[in-house]
Amino acid sequence: MSEKNITKELVVEKLRTVMDPELNRDLVSLGMIKDVDIEGNMVKVNVELTTPACPLRNKIKSDVEKALFQIDGVSLVDVNLTAKVPQNQNETGIENLKIKNIIAISSGKGGVGKSTMAVNIAVSLAKSGAMVGLMDADVYGPNIPTMMGVNQLPAPVDGKLIPAEAYGVKIISIGFLVKDGQPLIWRGPLLHGTIKQFIVDVDWGELDYLIVDLPPGTGDVQLSLSQHIPITCGVVITMPQKVSIDDASRGIEMFQKLNVPIAGVVENMSGFELPNGDVVDVFGKGGGEEMAKRYGLDFLGRVPLDPEIREDGDAGTPIAISNNESKASKIINDISEKIAAKVSQLALK
């Protein structure tokens, strides 16, 4: 075949053979092929991924290149990857709200590192290039400001709260609105009002993902959130030990009763690595994965018990941004990519 017979139609047909491994559909039917340009024996293609945190971006690029080189006459290929996160199909019913997907981070009990995971997942997604917000809905223990290294909100504008911002993440928390150490002794109506205010009265702008750090348990805040906004998916954080697994199971059942899809389970504080490389399973081993299997959920990964995670959280520099080369940071990035992939699957199913 001569160069002049390399047509756009031929290129598009060949690209119908390239599948998105996570979505199990071809790139053309998914609308991911945005531009095809042919210059002599060179084919240039723009592929729009469903998330900048795509865990298989390199495989997709390689598969596109291989497919195009199968066309007679093609000797040069240029594949450019961009990303656009799809909109969750559920309507919010809230005017001018431009949040595409809401991800609720849950745990059945306190002390399992839920807020730490919420912070690092948000930072990891923002690091990939996504537009990310972080809502601290844990009104009884609002730790997000400390972990993100911020202590106040900007001045309101036109009656709207303006989120604080750190590491590319927009942040709102009840911790900005009460004095340090002041206890919150609130019942349902006040909780409902606060959660609604954090959605309606905050100028979030455009967000690909809003990460919501829920309080432990299955109480008023969880119910309020599900009533006011359509949650794209939940993520359950647990420790390996049995008592934590038992409590986390209640979080899974809560999401199921609220008809919220679950992206998967994260096992936190999973093994402490000694200087000689041996691992001590301080809180047991494998409980999170076993729970995920029992409920038919994806197991997203094990985050080790690492003092650096605590130290960085106390210093307001989450490990996902402070130490890209640490084992924990790499695992958290991998977990974040899996969550983003699940969100894309839910939006495009």
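The values are calculated or read from the model by the stated rules, or taken from the named source; none is laboratory data. Predicted model only: the values in this text are computed from it and were never measured. FYI the Cβ positions are ideal-geometry reconstructions off the backbone, even for glycines, and counts take in every protein chain you see. Keep in mind that these areas ignore ligands, DNA and RNA; they rest on the heavy atoms of the full protein, side chains included. Shrake-Rupley method; radii C 1.70, N 1.55, O 1.52, S 1.80 Å.
Once phi is turned into ³J(HN,Hα) by the Karplus curve 6.51 cos²θ - 1.76 cosθ + 1.60 with θ = phi - 60°, what whole-Hz value does each residue of region 48-58 show in order, with x for glycine and proline?
Working through the residues one at a time gives 9, 6, 8, 6, x, 8, 4, x, 10, 4, 5 Hz.
Could you tell me the relative contact order of region 95-180? Use alpha-carbon pairs under 8 Å, at least six residues apart, and round to a whole percent.
28
Show the residues, 5+ positions off or on another chain, whose built amide H is closer than 5 Å to the amide H of Cys233.
Under 5 Å from the amide H of Cys233 lie the amide H atoms of Ile102, Ala104, each far enough along the sequence or on another chain.
If I take every Cα pair under 8 Å that is 6 or more residues apart in region 3-149, average their sequence separation and divide by the length, what percent do I get for the relative contact order?
This gives 19 percent for region 3-149.
Per residue of region 115-126, in order, report the coupling 6.51 cos²θ - 1.76 cosθ + 1.60 (Karplus, θ = phi - 60°) as ³J(HN,Hα) in whole Hz, putting x for Gly and Pro.
5, 4, 5, 4, 4, 6, 5, 4, 5, 4, 5, 5
So what is Rg over Rh here for region 220-349, counting just Cα atoms and using Kirkwood for Rh?
In region 220-349, Rg relative to Rh is 0.99.
In straight Cα distance, which lysines are under 17 Å from Lys109, not counting same-chain residues fewer than 8 positions off?
By straight Cα distance, Lys109 reaches Lys242.
Determine the relative contact order of region 205-349: mean sequence separation of Cα pairs under 8 Å and six or more apart, normalised by residue count, in whole percent.
19
Can you give me the long-range amide H partners of Gly133? Hydrogens built in the peptide plane at 1.01 Å from N, cutoff under 5 Å, separation of 5 or more residues or another chain.
Sorted by chain and number, the residues that satisfy this are Lys170, Tyr209, Leu210, Ile211.
Taking 26 Å as the cut-off for C-alpha to C-alpha distance, list the pairs among Lys34/Lys330; Lys59/Lys127; Lys114/Lys330; Lys66/Lys98; Lys84/Lys114; Lys66/Lys330 that go past it.
Lys34/Lys330; Lys66/Lys98; Lys84/Lys114; Lys66/Lys330
With all protein chains present, how much of the accessible area of region 295-349 (probe radius 1.4 Å) comes from carbon and sulfur, to the nearest whole percent?
Its accessible area is 48 percent carbon and sulfur atoms.
Applying the Karplus parametrisation 6.51 cos²θ - 1.76 cosθ + 1.60 with θ = phi - 60° to the phi angles of region 26-32, what ³J(HN,Hα) value in whole Hz is obtained for each residue in order, glycine and proline being reported as x?
Couplings: 6, 5, 5, 5, 7, x, 8 Hz.
Across bins of 20 angstrom width beginning at 0, how are the C-alpha pair distances of the chain distributed, in whole percent?
Distribution as computed: 29, 52, 18, 1 percent.
How many nm separate the modelled label positions at Met42 and Asn5, each set 7 Å beyond the Cα in the direction of the Cβ?
2.4
What accessible area per residue comes out for region 1-80, rounded to a whole number of Å², with a 1.4 Å probe?
Roughly 52 Å² per residue, with all protein chains present.
Using a Förster radius of 30 Å, what is the FRET efficiency between Arg16 and Leu76 based on their Cβ-Cβ separation? Nearest 0.05, please.
My answer for the efficiency is 0.90.
What is the sum of charges, Lys and Arg at +1 and Asp and Glu at -1, for the other residues whose Cβ falls under 11 Å from the Cβ of Asn323?
It works out to a net charge of -3.
For Lys349 and Asn276, what is the calculated FRET efficiency with R₀ set at 45 Å and r taken between the beta-carbons, to the nearest 0.05?
The value I calculate is 0.45.
Using amide H atoms built 1.01 Å from N in the peptide plane, name the residues 5+ places from Gly31, or on other chains, whose amide H lies under 5 Å from its own.
none
How far, in nm, would the chain grow between Val157 and Ser29 when pulled straight, counting 0.36 nm per residue and subtracting the alpha carbon separation?
My answer for the length gained is 41.8 nm.
Over the Cα atoms of region 282-339, compute the convex hull volume and normalise it per residue, giving Å³.
So the per-residue hull volume is 91 Å³.
Take each of the peptides 326-336, 147-157, average the number of other beta-carbon atoms within 10 Å over its residues, and list them starting from the highest.
326-336, 147-157
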